[in-house]
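The values are calculated or read from the model by the stated rules, or taken from the named source; none is laboratory data. Note that the structure is a prediction, hence the values are computed from the model and not measured. Quick reminder, even Gly has a Cβ in these numbers, built from the backbone with ideal geometry, and neighbours come from all protein chains shown.
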Amino acid sequence: MTILLAGAAGYIGSHTAIALAQAGYDVAIVDDFSNSSPEAVRRCEELAGVKMPLYQADAADRAAMEDIFAQVRPAAVIHFAGFKAVGESVAKPLKYYRNNLDTTLTLLECMAKAGTKAFIFSSSATVYGARAAVPYTEQSETGGCTNPYGWTKLMIEQIAADTAKADPDMSVVLLRYFNPVGAHPSGRIGENPSGVPNNLMPYITQVAVGRLPQLNVFGDDYPTPDGTGVRDYIHVCDLAEGHVKALEYALEHKGTEVFNLGTGHGVSVLELVHAFERASGVKIPYRIAPRRAGDLAEVYADPAKAERVLGWKATRTVEDMCADSWRWQSNNPNGY
Ligand code: NAD
Ligand code: WQD
């Protein structure tokens, strides 16, 4: 059974491709490499010991995607393809609405034409915006997003749910990821941001490897135990395994379901910095900087639904996340 992964040359998709291959699925990948390298897929093949047909195409290109669907005949589609830089989405909203929505519409149209009934989407905890109280459950209020990126996720959730509502044979699983970090334990694949990283863990690892001089800690006056922002960091391999469970669920059910994929534990910026220092043996110089616009004090999941319905639970520790991020970055100081 072949699963088509859109955007799986990227960080989360590449780890998911390996988890799916290990679970016995055939994996085909489409990516335009706008934020990734084909080398990631080559290494996935090496790690999983199987071939993963790779198509270089824009997932929004209807003609190209129809051809790919005709060749692959996927039983399910997992949609990772999109832009994800929050700050850039504020500066270039149309770039984000165009790419994130168009890829979704094209994939869903191609699925309808090809008769593919299972769709899994990379959503985000960002859909809860500033309105809900932590821990977020899937019933927490969504909306109030502070940036266009977040709105694209919420809009796509609506588009996918409406599509499933109109087709009683269709299954949609919306996965709301919290803060993915870590890397495959081999150190062969990992997060490879272009330019200066926006996210905390790749920033820390680039300081550790000497590419950046010091970390800016955005605010130490939040109402949290040490004053720095608290997030629910989740190991990317736990996240990848969550996709395997979500796929099994989608292949057996109809309609739309939403799942939080997080650990349920909040970790502060300084706790993560110190955990990283212990795991790597490298000191991370930092300074306290002003708060970053749009940041919330605390974000963490109630992941109970995923455990109850999917039988999935994150098992890797913060130490695992730091050790694996460090192995990837130190073995590949300049990425792929
Ligand atoms: P990533 O940028 O590493 O991967 C996305 C991939 O999609 C890249 O390989 C990119 O080249 C590809 N892509 C983008 N537009 C495309 C297009 N039009 N056609 C074909 N390929 C295209 O990002 P990631 O961290 O792996 O995230 C994967 C998904 O998960 C994204 O949708 C992202 O918004 C979502 N997500 C990520 C996080 C996170 O913190 N990393 C958190 C929540 C949700
Ligand atoms: C984590 C914490 C920062 C960088 C983002 C998106 C979200 C989702 C995951 C896609 C915060 C602090 C960070 C730095 C710092 N992505 N920080 N110095 O903002 O929780 O979530 O990625 O869906 O939508 O918004 O993650 O890693 O940027 O920040 O002090 O250089 O680290 O203030 O408290 P965030 P992050």
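Points worth noting:
- Taking the criterion of being surrounded by 16 or more Cβ atoms within 10 Å (Cβ to Cβ), of a type outside the set (Ser, Thr, Tyr) and part of a loop (DSSP other than H, G, I, E, B), the residues of region 212-224 that qualify are Leu212, Gly219, Asp220.
- Residue satisfying condition, being touching an Asp or Glu at 6+ places or on another chain (Cβ under 7 Å) and within 15 Å of ligand 2 (Cβ to nearest atom), within set Gly143, Gly195, Gly229: Gly229
- The residues on offer are Thr106, Thr152, and the sole one that is surrounded by 16 or more Cβ atoms within 10 Å (Cβ to Cβ), closer than 24 Å to Val27 by Cα and touching a residue at least 12 places away in the same chain (Cβ under 8 Å) is Thr106.
- Whether a residue is within 15 Å of ligand 2 (Cβ to nearest atom), surrounded by 22 or more Cβ atoms within 10 Å (Cβ to Cβ) and outside any loop (DSSP other than H, G, I, E, B) was assessed, and Thr263 does not pass this test.
- Which numbered condition Arg278 fails, given (1) under 16 Å from Met201 (Cβ atoms); (2) part of a helix (DSSP H, G or I); (3) of a type in the set (Lys, Arg); (4) under 19 Å from the mean Cα position of the chain (by Cα): (4)
- Neighbours by Cβ (under 6 Å, 6+ apart or cross-chain): first from region 74-93, under 16 Å from Ala57 (Cα atoms); second of a type in the set (Phe, Trp, Tyr) and crowded, with 17+ Cβ neighbours inside 10 Å: Val77/Phe119; His79/Phe121; Phe83/Tyr96
- Residue match in region 301-312 (condition: over 21 Å from the mean Cα position of the chain (by Cα), more than 24 Å from Gly187 (Cα to Cα) and part of a helix (DSSP H, G or I)): yes
- If you check Pro168, Pro185 for being closer than 29 Å to Phe33 by Cα and surrounded by fewer than 19 Cβ atoms within 10 Å (Cβ to Cβ), only one passes: Pro185.
- Every condition in (1) more than 10 Å from ligand 2 (Cβ to nearest atom); (2) farther than 18 Å from Phe80 by Cβ; (3) touching a Phe, Trp or Tyr at 6+ places or on another chain (Cβ under 9 Å) holds for Glu271 except the one numbered (3).
- Filter result for Ser171 (within 11 Å of ligand 2 (Cβ to nearest atom), modelled with pLDDT of 95 or more and closer than 24 Å to Ala17 by Cα): no
- For first residues located in region 183-200 and more than 15 Å from ligand 1 (Cβ to nearest atom), partners that are at pLDDT 95 or above and of a type in the set (S, T, N, Q) and lie 6+ apart or on another chain with Cβ distances below 6 Å form the pairs Gly187/Asn331.
- When Val207, Val172, Val134, Val196 are checked against the criterion of being part of a loop (DSSP other than H, G, I, E, B) and touching a strand residue (DSSP E or B) at 6+ places or on another chain (Cβ under 6 Å), a single residue qualifies: Val134.
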